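What follows is a set of notes on a single structure, which appears directly below.
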Amino acid sequence: MKIKLDENLGARGADRFRQAGHDVATVHDQGLCSSSDRDLMTVCQGEERCLVSLDLDFANPFLFKPSDSPGIAVIRLPGKPGAEDLNAAVELLIAKLARSSIQGRLWIVQPHAVREYQPEDDEP
């Protein structure tokens, strides 16, 4: 799986995704820090990379339609999270990616669960 890690995720996350066999590019390494969300999604679409982010704006299907994307995974951490919370969320996402395709989908990674956004039939 080709993955783009947003600037709010650290190098340890990138290393763990790579260890799991994923092709990882980071916003930081590509000099895309402070890019607008729209520009970042355009880059992800052009590179055919799933976006992994902590930015809740990407969880809004009216701003970023999942079916138009290579996939979006938004990690939701508990209040006052520690490094272990982020590591657990990354591991949960890696396990989900091993079982399911994220192509054209929005996943919300929460402690102990990955929820998939289900669009309404009449959604624009």
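Quick note: the coordinates plus some simple rules give every number you see, no bench work behind them. In this text, all values refer to a predicted model and were calculated from it rather than measured experimentally. Don't worry about glycine lacking a Cβ; one is built from the backbone with ideal geometry, like all the others, and counts go over all protein chains shown.
Identify all residues within region 46-74 that are among the charged types (D, E, K, R), surrounded by fewer than 19 Cβ atoms within 10 Å (Cβ to Cβ) and in a loop (DSSP other than H, G, I, E, B); write none if there are none. Please lay out each step first, then the result.
Here is the first cut: in region 46-74, the residues among the charged types (D, E, K, R) are 47-49, 55, 57, 65, 68.
Next, only the ones that are surrounded by fewer than 19 Cβ atoms within 10 Å (Cβ to Cβ) stay: 47-48, 55, 57, 65, 68.
Correct list: E48, D55, K65.
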Answer from G46, G13, G21 - the residue that is closer than 15 Å to R76 by Cα and of a type outside the set (S, T, Y):
G13
Could you tell me which numbered condition L77 fails, if it satisfies all but one of (1) in contact with an Asp or Glu (Cβ under 6 Å, 6 or more places away or on another chain); (2) in a helix (DSSP H, G or I); (3) not acidic (D, E)?
(2)
Residue hits (region 85-104; assigned to a helix (DSSP H, G or I), of a type in the set (V, I, T) and crowded, with 19+ Cβ neighbours inside 10 Å) are V90
When you look at G82, is it surrounded by fewer than 16 Cβ atoms within 10 Å (Cβ to Cβ), among the small types (G, A, S) and in contact with a Ser or Thr (Cβ under 8 Å, 6 or more places away or on another chain), yes or no?
no
Region 68-91 residues that are without any contact (Cβ under 8 Å) to a residue 24 or more places away in the chain, paired with ones that are part of a strand (DSSP E or B) (beta carbon under 7 Å, 6 or more apart)
A89/I75; A89/V109
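Take A11 and decide whether it is over 26 Å from Q118 (Cα atoms), in contact (Cβ under 8 Å) with a residue 60 or more places away in the chain and out of contact with any Gly (no Cβ under 8 Å at 6 or more places or on another chain).
Values: over 26 Å from Q118 (Cα atoms): yes; in contact (Cβ under 8 Å) with a residue 60 or more places away in the chain: no; out of contact with any Gly (no Cβ under 8 Å at 6 or more places or on another chain): yes.
So A11 does not fit the description; no.
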Can you spot a residue in region 22-45 that is buried (at least 20 other Cβ atoms within 10 Å of the Cβ), in contact (Cβ under 8 Å) with a residue 40 or more places away in the chain and of a type in the set (S, T, Y)?
no
Hey, any hits in region 1-16 for a residue that's surrounded by 13 or more Cβ atoms within 10 Å (Cβ to Cβ), assigned to a loop (DSSP other than H, G, I, E, B) and basic (K, R)?
no
Restricting attention to region 17-26, the residues that are touching a Leu at 6+ places or on another chain (Cβ under 9 Å) and outside any loop (DSSP other than H, G, I, E, B) number exactly 4
